[in-house]
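For reference, the structure discussed in these notes is given below.
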Amino acid sequence: MEKRVLFRSAWLPWLLLLPQMAIIGVFFFWPAAQAILQSFQMEDAFGLSKEWVGFANFAQLFQDESYLESFYRTAIFSVLVAGVGIAISLALAIFADRIVRFAMVYKTLLIVPYAVAPVIAGVLWVFMFSPSLGVVSYFLERIGYSWNFLMNENQAMALIVMAAVWKQISYNFLFFLAGLQSIPKSLIEAASIDGAGPWRRFLNVQLPLLSPTTFFLLVINIVYAFFDTFGIIDATTHGGPGQSTTILVYKVYLDGFKALDLGGSAAQSVILMFIVIALTVVQFRYVEKKVQY
Amino acid sequence: MIDRRPWLDVLSHAVMILGVAIVAFPIYLALIASTHTAQEIVQAPMPLWPGTNMLESYKEALFGSGKLGSNTDLVRMMWVSFVTAMVITVGKIAISLLSAFAIVYFRFPFKQLCFWAIFVTLMLPVEVRILPTYKVVADLGLLNSYAGLTLPLIASATATFLFRQFFLTVPDELVEAARIDGAGPMRFFKDVLVPLSKTSIAALFVIQFIYGWNQYLWPLLMTTSEDMYPVVIGIKRMVAGGGEAAIDWNVAMATTIIAMLPPAAVVILMQKWFVKGLVDTEK
């Protein structure tokens, strides 16, 4: 789509684009190209010598049990974060949509976690669930449930899922509420006249009309679980116990900056890039279908 | 609502109260912890009602001396976070406004290519290009500097798209009117387009300020000097050092509360634009 009326200048548009292009050139494309290049090279830890190795880094990754496991854990983690987060937020939005009194107070309190940094969310959840001093772990012990996320792999996973969901509820909630409020009142009224109760109206009218929002949030939440949860993991489990909470982005960091396996880490980055590209393409094709130019 | 069902209204309020209680609990707990002494907190279960040590905790958090694994004071860390968040926010909005203006209002060769080049950066979050980006910043000598903290995070495909989308809805008659009045492109940009974009700018301000304030992985890698730590790194270091009993949790939680104030204030005060911004970026 283009404007009917345009300005004419041979140099001005370039000047306007210059800052953006300079930054994406230096800090996006150059490093991305380096990552791709590096993923085909083997380099020693001090960067003294490089060797072209083709797909060896990738082949090695896919034979590496800990990488495959990390892939699998990332999948479980993101499905849980997206699924649980979307379900809770949808429920909250449905009830918030019915409410007139105090609606503003509830909404304000519910959006506060959006402002909290993931790493601070991690700190808060460790504080509540720490085996020795956490309030929640204390009460869990009292009712006979032994809680120690530093030893138990499933509990560690549960903790990062809870912290990640908590952080993302505000965002999902706002989208669902906006979605619900944009559904024409006349549709709901028509369903009412046909004798549909609140539950039926939700299932047959509101839910189908919310499906685009839900799909959009699914993609956003998966991307969030993949990348933005780094701070949560670094503040709670450090990827442990064992490897049980080392998701892909944490592994890129561990292998690249802690273990200094540059080629392997670059290969992992490239794989992550492909995942983001796939997700973005899915989202974009869907958005294009929905938005009419 | 359409039908009156008192029980459903009661249920709605009950669900909202339960939801708010769960969502607010971690923050409530941090607030409570910051009002007790360190000894009171480590006795399980920690008290769930406010204590009397509030002033001391916050004083220690603000002006305390290197007791918490970092020699940098909180005021300095808050300043670093503030400058970083502001530079990222203003930088993103400025370069996105300019590039969206160029893409929408001019015809020039390789326009589509530029457009796609910006779009592709959506797919390259800093986390996936972390090592090479670190190397670029190190080679440019930008480690431990504000430029290094902000520049790699400034490019913004999202903001460019939002502005492009908005500019496309601005009526062509405005350009014609500006032309007849003898205004050049930059004049039109400054006097017509930017004022019209106020709402989008406000929304983006909220979103990008939070984004900048909450950065963790990037500053973690590229700041080695303590006086360039943003506050979220400072908090992480406070609770990471030593065993759990050695941490002064009351001070750590007071620091956490202080660190959450600016972004929380921005979100709450600008709620309306923030929601509009979130919902608009969906397009």
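Things to note:
- Checked against the criterion of being within 28 Å of B:R129 (Cβ to Cβ) and more than 9 Å from chain B (Cβ to nearest Cβ), the range A:173-183 has no qualifying residue.
- Subset of the range A:189-209 that is among the hydrophobic types (A, V, I, L, M, F, W, C) and farther than 15 Å from A:F95 by Cα - its residue that is surrounded by the most Cβ atoms within 10 Å (Cβ to Cβ): A:A191
- Taking the conditions (1) among the basic types (K, R); (2) modelled with pLDDT of 85 or more; (3) more than 24 Å from A:I247 (Cα to Cα) in turn, A:K50 satisfies each one other than (2).
- If the condition is being surrounded by fewer than 14 Cβ atoms within 10 Å (Cβ to Cβ) and either over 20 Å from A:Y67 (Cβ atoms) or at pLDDT 85 or above (or both), then the range A:250-277 contributes only A:F274.
- Filter pass, B:D3 being touching a Phe, Trp or Tyr at 6+ places or on another chain (Cβ under 8 Å), surrounded by fewer than 22 Cβ atoms within 10 Å (Cβ to Cβ) and either among the hydroxyl-bearing types (S, T, Y) or at pLDDT below 90 (or both): no
- Among the residues of the range B:155-194, those identified as under 30 Å from A:P31 (Cα atoms) and aliphatic (A, V, I, L, M) are B:A155, B:A157, B:A159, B:L162.
- Residue among B:Y105, B:Y58 that is under 15 Å from B:M238 (Cβ atoms) and not hydrophobic (A, V, I, L, M, F, W, C): B:Y58
- Among the numbered conditions (1) modelled with pLDDT under 85; (2) β-branched (V, I, T); (3) not in a loop (DSSP other than H, G, I, E, B), the only one that A:I76 does not meet is (1).
- Residue within the range A:71-86 that is within 9 Å of chain B (Cβ to nearest Cβ) and touching a residue at least 40 places away in the same chain (Cβ under 8 Å) present: no
- Filtering the range B:29-40 for residues that are under 25 Å from the mean Cα position of the chain (by Cα) and not in a helix (DSSP H, G or I) leaves a non-empty set.
- Matching option when the condition is touching a His at 6+ places or on another chain (Cβ under 8 Å) and surrounded by fewer than 19 Cβ atoms within 10 Å (Cβ to Cβ), among A:I76, A:I99: A:I99
- Members of the range A:41-63 that are free of Cβ contacts under 8 Å to residues at least 60 places away in the same chain and assigned to a loop (DSSP other than H, G, I, E, B): A:D44, A:F46, A:L48, A:S49, A:G54, A:F55
- Helices (runs of 4 or more DSSP H) lying entirely in the range B:68-149 (those with 2 or more residues that are over 30 Å from A:I247 (Cα atoms)): B:74-105, B:111-120
- Test: B:T199 is touching a residue at least 40 places away in the same chain (Cβ under 8 Å), more than 10 Å from chain A (Cβ to nearest Cβ), among the β-branched types (V, I, T) and within 26 Å of A:Y171 (Cα to Cα): yes
- Residue match in the range B:7-18 (condition: modelled with pLDDT of 90 or more, within 25 Å of the chain's Cα centre (by Cα) and within 11 Å of chain A (Cβ to nearest Cβ)): no
- Among (1) more than 7 Å from every other protein chain (Cβ to nearest Cβ); (2) more than 27 Å from A:Y114 (Cα to Cα) - the single one B:V42 does not satisfy: (1)
- Among the residues of this structure, A:Y138 does not count as one that is part of a helix (DSSP H, G or I) and within 22 Å of the chain's Cα centre (by Cα).
- Those residues of the range B:146-165 which are more than 10 Å from every other protein chain (Cβ to nearest Cβ) and free of Cβ contacts under 8 Å to residues at least 40 places away in the same chain, in sequence order: B:A147
- Checking each residue in the range B:221-275 for being of a type in the set (S, T, N, Q), in a helix (DSSP H, G or I) and more than 9 Å from chain A (Cβ to nearest Cβ) picks out B:N250, B:T255.
- Selection of the range B:99-129 for residues being at the interface with chain A (Cβ under 8 Å from one of its Cβ atoms), farther than 15 Å from A:K3 by Cβ and in contact (Cβ under 8 Å) with a residue 40 or more places away in the chain yields B:S99, B:I118, B:E127.
- Residue within the range A:95-117 that is under 19 Å from B:V128 (Cα atoms) and either within 9 Å of another protein chain (Cβ to nearest Cβ) or modelled with pLDDT of 90 or more (or both) present: no
- Test: residue in the range A:214-230 that is more than 15 Å from the chain's Cα centre (by Cα), outside any loop (DSSP other than H, G, I, E, B) and surrounded by fewer than 23 Cβ atoms within 10 Å (Cβ to Cβ): no
- Within the range B:165-177, one or more residues are under 24 Å from the mean Cα position of the chain (by Cα) and surrounded by fewer than 18 Cβ atoms within 10 Å (Cβ to Cβ).
- Leading residue by the ranking (surrounded by the most Cβ atoms within 10 Å (Cβ to Cβ)) among those in the range B:15-39 that are among the small types (G, A, S) and touching a helix residue (DSSP H, G or I) at 6+ places or on another chain (Cβ under 7 Å): B:A33
- Residues in the range A:2-33 that are within 26 Å of the chain's Cα centre (by Cα) and more than 7 Å from chain B (Cβ to nearest Cβ): A:G25, A:F29, A:A33.
- Residue satisfying all of: in the range A:81-96; among the small types (G, A, S) and within 23 Å of A:T229 (Cβ to Cβ); surrounded by the fewest Cβ atoms within 10 Å (Cβ to Cβ) among these: A:A87
The values are calculated or read from the model by the stated rules, or taken from the named source; none is laboratory data. Just so we're clear, the structure is a prediction, and the values are computed from it rather than from any experiment. No Cβ is skipped: glycine too gets one built from the backbone with ideal geometry, and neighbour counts run over all protein chains shown.
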